[in-house]
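**Q** My structure is below; once you've seen it, I'll send some questions.
The values are calculated or read from the model by the stated rules, or taken from the named source; none is laboratory data. All of these numbers come straight from a predicted model, not from anything done at the bench. Cβ sites come from the backbone with ideal geometry, for glycine too, and all protein chains shown count toward neighbours.
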Amino acid sequence: MDGKQSGGFKVWTPLFFSVVMVGGMALGFNLRDTLRGKRDLQTVIQRNDRLEQIIDLVNEKYVDSVNSDDLYKDAVEGILSHLDPHTIYIPADELEDVNQDLEGSFYGIGVEFFVFDDTINVTSVIPGGPAEKAGIVTGDKIVRVGDSTVAGKHIPSDNVIKMLKGRLNTKVTVTLKEPVNNTLKQLTITRGEIPVYSVDANLMLDSKTGYIKINRFSATTYDEFARALKGLKNSGMEQLVIDVRQNPGGYLEAAQHIVDELLEGDKLIVYTQGLHNKRTDYKTNGRNTFEKGKIAVLVDEGSASASEILAGAVQDWDRGIVVGRRSFGKGLVQEQYEMNDGAAIRLTVAKYYTPSGRSIQRSYKNGRDAYEEDFIKRFEHDVLKGNDTTLTEDTTRYYTANKRLVYGGGGIKPDVFVPFDTARLTPGLSNMMYSEDARRVVWNYYMRHREALLQYKNVAAYSTGYTADELVADFLKMQDPTFRRAVERVLRNKTNYSFFRMQLKAQLARILYRSNGYYAITTWDDDVIRRAVETMNSTRYSTIIGRQGF
């Protein structure tokens, strides 16, 4: 199970980060018009009948039957494959889900759930949402949705989600089994607008350091950030850590407004320009709620698009420091064009440039496969070695406001480099952390000890009062004898044991206190956050940005 770290990790890493990069391609774009103002493709180009004629000819004359929709989709994707990696075709049946993440809400009842043993367990109820108002509580088991039985039927989670979603103000009847006495209750719930939060966490790391974690830049991100910033300032925040690691991007406008809170005066945040798009400048508008305190922006290889706009503006104006690993390197702007069949094309129309004038887009001249392989090789050869040795094709010199030298191409290079902690993610430990058994043991423990856990009035009390050793013991008991011995070998290492226990404790905190609870536990053991705070609290901070007076 634990095997050799280097070999096993090299197998696991490219697969994991390929998924991350695909996610970046799907979500990491900067639409200059909101999705509510989607542009119709037919208003931009005239129809070309050649593709239609070929498909019609195949349908009429080909020796076997074919699916015309598949032919059309493959043809469109073939055309787009000759363009940049971030110009994509989105089929009609996928468009709503893709747009939903960026719109910041959907219509449903407001529950989150896990499926264990073909049973749908409600693990979280959105505060103030339709489900909570109707009487659903964490721990309820969903038995039926409408007339459809969903318990014990091997029904995929996606199907259940589709049943619970619907149009605003429509009704859905749900039958549930209560967690304590197993009695059934039937509730008719009116669907409402359910928020999809993009700010995962906002909390104080210490008496003066605030922390905000942003998972994407959606239509609601700025409002969420502004509320979090206000709350942290009221708690005594003097310096701020903004975490955009693994954030694939989103709306340019959301990043623009957040940067506006951090910069004083009339300053350029980013500008866009393309062959058919004249230069457009995005500048501050005087929001500057937090224009004086120290700032650290956390980035990694999954930080793309709008995340890089934020980091680039902070770096170029010497407003703060960038900490972590080199960002993804996506400096392209997409616009969305709808097609007659409900599908859409997100077409790259411009590049964006940071205030110093640099484009941070990685080269894609050798095609999409090479683009992906280059990313994986960079991760394996540079990040895992603990040193960023990436050479960029853009050797043009750019300068920050305080005349620091920076380069374009290949992403945003951090001011403080923190390598990937491979010791924490050996194959054995990773398999344990992300296993179904880990989720199951946390959930079962919550259900057995719910009353005792609810005695912790807040996450701070939980953090100091609960050790989570019982969770590790329960995980071991769940394993068959052969696998248990392998787990025990991994956990003999004290560092592995502490890290695994912390992860289980954080998962339980997520059930109790939502995502803020999870990050309240994990931030204590995060090397990148630790280095950021250490740097802000030292003279190195002012040395890096070339300014005194902090």
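**Q** With the structure loaded, tell me whether residue 98 is modelled with pLDDT of 90 or more, β-branched (Val, Ile, Thr), in contact with a helix residue (DSSP H, G or I) (Cβ under 8 Å, 6 or more places away or on another chain) and within 30 Å of residue 248 (Cβ to Cβ) or whether it fails that test.
**A** no
**Q** Kindly provide the set of residues from the range 75-92 that are outside any loop (DSSP other than H, G, I, E, B) and surrounded by 12 or more Cβ atoms within 10 Å (Cβ to Cβ), ordered by number.
**A** 75, 76, 77, 79, 80, 88, 89, 90, 92 - these are the residues of the range 75-92 that are outside any loop (DSSP other than H, G, I, E, B) and surrounded by 12 or more Cβ atoms within 10 Å (Cβ to Cβ).
**Q** Considering every residue within the range 176-195, establish whether at least one is among the β-branched types (Val, Ile, Thr), touching a helix residue (DSSP H, G or I) at 6+ places or on another chain (Cβ under 7 Å) and free of Cβ contacts under 8 Å to residues at least 60 places away in the same chain.
**A** Checked the range 176-195: no residue is among the β-branched types (Val, Ile, Thr), touching a helix residue (DSSP H, G or I) at 6+ places or on another chain (Cβ under 7 Å) and free of Cβ contacts under 8 Å to residues at least 60 places away in the same chain.
**Q** Related question: Check whether at least one residue in the range 326-335 is under 24 Å from the mean Cα position of the chain (by Cα), closer than 25 Å to residue 540 by Cβ and buried (at least 19 other Cβ atoms within 10 Å of the Cβ), and report yes or no.
**A** Taking every residue of the range 326-335 in turn, at least one turns out to be under 24 Å from the mean Cα position of the chain (by Cα), closer than 25 Å to residue 540 by Cβ and buried (at least 19 other Cβ atoms within 10 Å of the Cβ).
**Q** Could you grab the pairs with beta carbons closer than 6 Å, sequence gap of 6+ or different chains, first residue in the range 135-154 and outside the structural domain of residue 444 (by TED's automatic domain parsing), second one hydroxyl-bearing (Ser, Thr, Tyr)?
**A** The qualifying pairs are 141/119; 143/175; 144/175; 146/173; 151/119.
Yes or no, residue by residue, for (1) closer than 30 Å to residue 315 by Cβ; (2) in contact (Cβ under 8 Å) with a residue 24 or more places away in the chain:
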{"position": "455", "(1), (2)": "no, no"}
{"position": "500", "(1), (2)": "no, yes"}
{"position": "518", "(1), (2)": "yes, yes"}
{"position": "523", "(1), (2)": "yes, yes"}
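**Q** Mind checking whether some residue in the range 301-313 is surrounded by 24 or more Cβ atoms within 10 Å (Cβ to Cβ) and without any contact (Cβ under 8 Å) to a residue 60 or more places away in the chain?
**A** yes
Residue-wise test of (1) modelled with pLDDT under 95; (2) farther than 20 Å from residue 195 by Cα.
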site: 226; (1), (2): no, no
site: 234; (1), (2): no, yes
site: 239; (1), (2): no, yes
site: 255; (1), (2): no, no
site: 264; (1), (2): yes, yes
site: 267; (1), (2): no, yes
site: 271; (1), (2): no, yes
site: 274; (1), (2): yes, yes
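**Q** Of the conditions (1) closer than 30 Å to residue 178 by Cβ; (2) modelled with pLDDT of 95 or more, residue 451 clears all except one; give me its number.
**A** Condition not satisfied by residue 451: (2).
**Q** A further question on this structure: Could you grab me the full set of residues in the range 74-118 that are under 24 Å from residue 135 (Cβ atoms) and free of Cβ contacts under 8 Å to residues at least 24 places away in the same chain?
**A** Answer for the range 74-118, where residues must be under 24 Å from residue 135 (Cβ atoms) and free of Cβ contacts under 8 Å to residues at least 24 places away in the same chain: just 112.
**Q** Kindly evaluate residue 98 against the criterion of being under 29 Å from residue 219 (Cα atoms), among the β-branched types (Val, Ile, Thr) and not in a loop (DSSP other than H, G, I, E, B).
**A** Spelling it out, residue 98 is indeed under 29 Å from residue 219 (Cα atoms), among the β-branched types (Val, Ile, Thr) and not in a loop (DSSP other than H, G, I, E, B).
**Q** Return yes or no: is residue 364 part of a strand (DSSP E or B) and touching a residue at least 60 places away in the same chain (Cβ under 8 Å)?
**A** no
**Q** Something else about it: Which of the following residues is of a type in the set (Ser, Thr, Tyr), at pLDDT 90 or above and farther than 30 Å from residue 79 by Cα: 327, 356?
**A** From the options 327, 356, the qualifying one is 356.
**Q** Now for a separate question. Restricting the search to the range 246-271, which residues are farther than 12 Å from residue 309 by Cβ, surrounded by 22 or more Cβ atoms within 10 Å (Cβ to Cβ) and in contact with a Leu (Cβ under 7 Å, 6 or more places away or on another chain)?
**A** Once the filter is applied, which keeps residues that are farther than 12 Å from residue 309 by Cβ, surrounded by 22 or more Cβ atoms within 10 Å (Cβ to Cβ) and in contact with a Leu (Cβ under 7 Å, 6 or more places away or on another chain), the range 246-271 yields only 248.
**Q** Somewhere in the range 119-133, is a residue surrounded by fewer than 17 Cβ atoms within 10 Å (Cβ to Cβ), modelled with pLDDT of 90 or more, β-branched (Val, Ile, Thr) and over 25 Å from the mean Cα position of the chain (by Cα)?
**A** Checked against the condition, which is being surrounded by fewer than 17 Cβ atoms within 10 Å (Cβ to Cβ), modelled with pLDDT of 90 or more, β-branched (Val, Ile, Thr) and over 25 Å from the mean Cα position of the chain (by Cα), the range 119-133 yields no hits at all.
**Q** Pick from 512, 491: which is under 16 Å from residue 433 (Cβ atoms) and not hydroxyl-bearing (Ser, Thr, Tyr)?
**A** Residue meeting the stated conditions: 491.
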